[in-house]
């Protein structure tokens, strides 16, 4: 490459708006730019100052032309992304993979029926809005993969294309946002378009954003969060200006939207939070050319606290307020929630039919989580277990899934009760006995190890004829969940824990089943862990007993919807979401591990048609993903080599290039790290689509590194100048012919790989023998029936 001419020295008092005719070769010459003298500047940052006064009048012709070309390119990319995502959006015309869940949730918003899910509600509310605007009545149940949306014979005409269109719009806009991020970071049009193209022509992004799924909104809001913070950072020399506040507030708003789609939005918070802490650390530096007073620094700190913590929290709360406001009727999610929560839902059958329990009532008791009945029968525990332990050989007490007379238990008082009236009501913290009529015995637990869980106590029964010898061991305290003194114990809604009085253990059951001698029924035992949430039970129903009818006075209470404090509802749901999210540990044939994701080693079969040899298979663009991996690796290599060289007194990279590389590309890398590495610490079920936010970040890194390799300069500066800024000279990054050829080849290769994998993406074309045999050449776990 020919040597570029050296730029003349710049006098700070001059206008500094003259542009060199050719780009300055910053690596071939050791040409240092003049140091800036800017209010609020930091030596570790790019002091990228642009004078705004009369800027349009003094803007060079090439700048105007590039701006027009830049906007045109961005618009074309978004249009092309829309074509790629909307093409054939009506196929498959049946339910695809997780549309089973998220289509169903969207229908619940239209029907206004309460449901429970581990994800926050924003994406699902948007899908519900798309269905509502498309004319969906919410009656299609999205029950099974492959169920047809349109079936004239069955009277089905679900407007699924309209519901799929909203994620497709989000996916198309994401491509434009990625391009915008790169342009605002100072990269040329071609480089910015290449990064956007890695998202535009990525098969996994396309699949996830053309179906009724959550990730389209998640990725869009995540990218808008990054863009907003970059725009805010450009205004760091004009703190507290209107634009400064606007972009800082929009960062907080989009962070809340990201978190409102999925809990992984917390990782985007961590990304922005790290950048904010680094920024504040620089502002605190007393060695700055213009150090801030602590009062001024406190204003910066308070502004970020309000806009990046208070505002997002308020917006996040508003999503749940709207969620509760819409879903005000009983639905499938009732049983996950507390009795107080269920009382807020119109038509909740459990609470409408709840009755106060009285002593001597015969009831059935069920476990809240597993729905098993508390059960006993005449069979006994074996004297000796397989591991050699000795049991009490008492009567078995188990969890049983079906209705049976052996599920009946009578509430026996331990104190005198009146013949009638409210004095017979069993209340919170009353001491009772549970009598088993079918075997004429009382429930008992004692200090003997249970059959399966040796750390827990065995539950058994003791015959009524000899009750005096073990009376104390049959005493249990009824502790209502969040109960208050004197609160009546009720059927259906009265969740309780049964606490053994002498030993303080709680009656508990898990998923462990007894061997053949226990008829494969669920083990019941006494758990010493008082915080164990799975020790919660409820009285299911009162068994009819004519002899006690006279003891009941008045008609059954007609229940009305009872309001509940919003924050109590909010925090109850947050805890349940986190608990159940962590509990998604079951095996899945298409689950994958984080180590596989960057290399695109596995995917997910969304839908299969064996007759026509068609399949929708979610997998990334192999070439595009490997370019991103190489970009990450090269960046780490460059930073390492630069650190070693500087250790030896060599400056291989100019300061302004190094600042851009470290601060901007480093920001993208931090985003990738936060959106990727935390998954290694998660024990829950994971899939390749969890890598999508990290993949977007890696596409930004790849474009930045490609710019570093292919161009000799950067677009410089890119930030907005303050009112007292000493200006720097401008540089313009120019894509050489050689660089253009390299970009063209890489782009065509990425598009070609997208085309090759497109039958998996769209599923509308029968797979060729070459594509069907691709499984043998890769580690793709395609449907084996193809």
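Quick note: the coordinates plus some simple rules give every number you see, no bench work behind them. All figures in this text were calculated on a predicted structure; none of them were measured in a lab. Neighbour counts run over all protein chains shown; Cβ positions are idealised from the backbone, glycine included.
Between helix 215-234 and the chain there is an angle of about 50 degrees, using the helix long axis and the longest principal axis of the Cα atoms. Once the Cα atoms are used to define both axes, helix 692-710 deviates from the longest principal axis of the chain by about 20 degrees.
Helix 666-676 and the longest principal axis of the C-alpha atoms of the chain enclose an angle of approximately 20°.
Pairs of Cα atoms in the stretch 647-718 fall into 10 Å distance bins, from 0 up to the last occupied one, in shares of 17, 39, 25, 14, 5 percent. Look at the Cα gyration tensor of the stretch 215-285: its axes a ≥ b ≥ c give a/c of at least 1.5 with a/b at or below b/c, and that counts as oblate. With Cα atoms defining each centre, the stretch 235-305 and the stretch 390-443 are spaced 60 Å apart in the structure.
Extending 7 Å from the Cα toward the beta-carbon at both residue 677 and residue 414 defines two label points whose distance is 5.4 nm. For the pair residue 143 and residue 580 in one chain, pulling the backbone fully straight at 0.36 nm per residue adds 155.2 nm over the alpha carbon distance. Debye-formula intensities of the stretch 597-671, expressed as log10 I(q)/I(0) at q = 0.11, 0.20 Å⁻¹, are -0.48, -0.92 (one equal scatterer per alpha-carbon, no solvent). What the Cβ-Cβ distance of residue 379 and residue 570 gives, at R0 = 60 Å and to the nearest 0.05, is a FRET efficiency of 0.80. Quick note on the stretch 632-764: its Rg to Rh ratio, both from C-alpha atoms and Rh being the Kirkwood radius, is 1.06. Most tightly packed first, judged by the mean number of other beta-carbon atoms within 10 Å of their residues, the peptides 182-190, 365-373 read 182-190, 365-373.
Each of residue 284 and residue 156 was given a label point 7 Å from its Cα along the Cα-to-Cβ line. The distance between the two points is 6.0 nm. Our summary gives the stretch 302-380 a relative contact order of 16 percent, counting only alpha carbon pairs under 8 angstrom and 6 or more residues apart.
The Cα center of the stretch 627-656 and the Cα center of the stretch 343-380 differ in position by 66 Å.
Derived value for the stretch 116-169: Kirkwood hydrodynamic radius 12.2 Å. Basis is the mean of 1/r over every pair of different alpha-carbon atoms. Counting every other Cβ atom within 10 Å of each residue's Cβ, 412, 619, 286 order from fewest to most as 286, 412, 619. Over all pairs of different C-alpha atoms in the stretch 253-332, the reciprocal of the mean inverse distance, the Kirkwood hydrodynamic radius, equals 14.8 Å. Kirkwood hydrodynamic radius of the stretch 349-551, from the reciprocal of the average inverse Cα-Cα distance over all distinct pairs: 17.1 Å. Each of 628, 426, 257 was scored by other Cβ atoms within 10 Å of its Cβ. Arranged with the fewest first, they read 426, 257, 628.
Based on Cα contacts under 8 Å between residues 6+ apart, the chain shows a relative contact order of 19 percent.
If R0 is taken as 25 Å, the Cβ-Cβ distance between residue 454 and residue 587 corresponds to a FRET efficiency of 0.40. Grab the beta carbon distance between residue 266 and residue 322, set R0 = 22 Å, and tell me the FRET efficiency rounded to 0.05. E(calc), rounded to 0.05, equals 0.60.
Rounded to two decimals, the Cα-based Rg/Rh of the chain, with Kirkwood Rh, is 1.08. Summarising the label geometry, the points placed 7 Å from Cα in the beta-carbon direction at residue 736 and residue 764 lie 4.4 nm from one another. The Cα atoms of the stretch 309-452 define a convex hull whose projected area, averaged across directions, is 14.5 nm². With N counted as the residues of the stretch 428-545, its alpha-carbon radius of gyration over 2.2 N^0.38 Å works out to 1.08.
This ranking places 385, 691 by how few other beta-carbon atoms lie within 10 Å of each, fewest first, which gives 385, 691.
Percent of Cα pairs in the stretch 197-248 per distance bin of 10 Å, from zero to the largest separation: 23, 35, 22, 18, 2.
Taking only alpha carbon atoms, the stretch 212-358 gives an Rg to Rh ratio of 1.19, where Rh is the Kirkwood radius. The separation of the stretch 165-197 from the stretch 584-598, counted between C-alpha centres, amounts to 29 Å. Normalised by the number of residues in the stretch 460-546, the average gap of Cα pairs under 8 Å and 6 or more apart makes the relative contact order 27 percent. Using 0.36 nm per residue and subtracting the Cα-Cα separation, the extra length available between residue 293 and residue 371 on full extension is 21.8 nm. If the chain linking residue 644 and residue 431 were pulled fully straight, counting 0.36 nm for each residue of separation and taking away their Cα-Cα distance, it would gain 69.3 nm.
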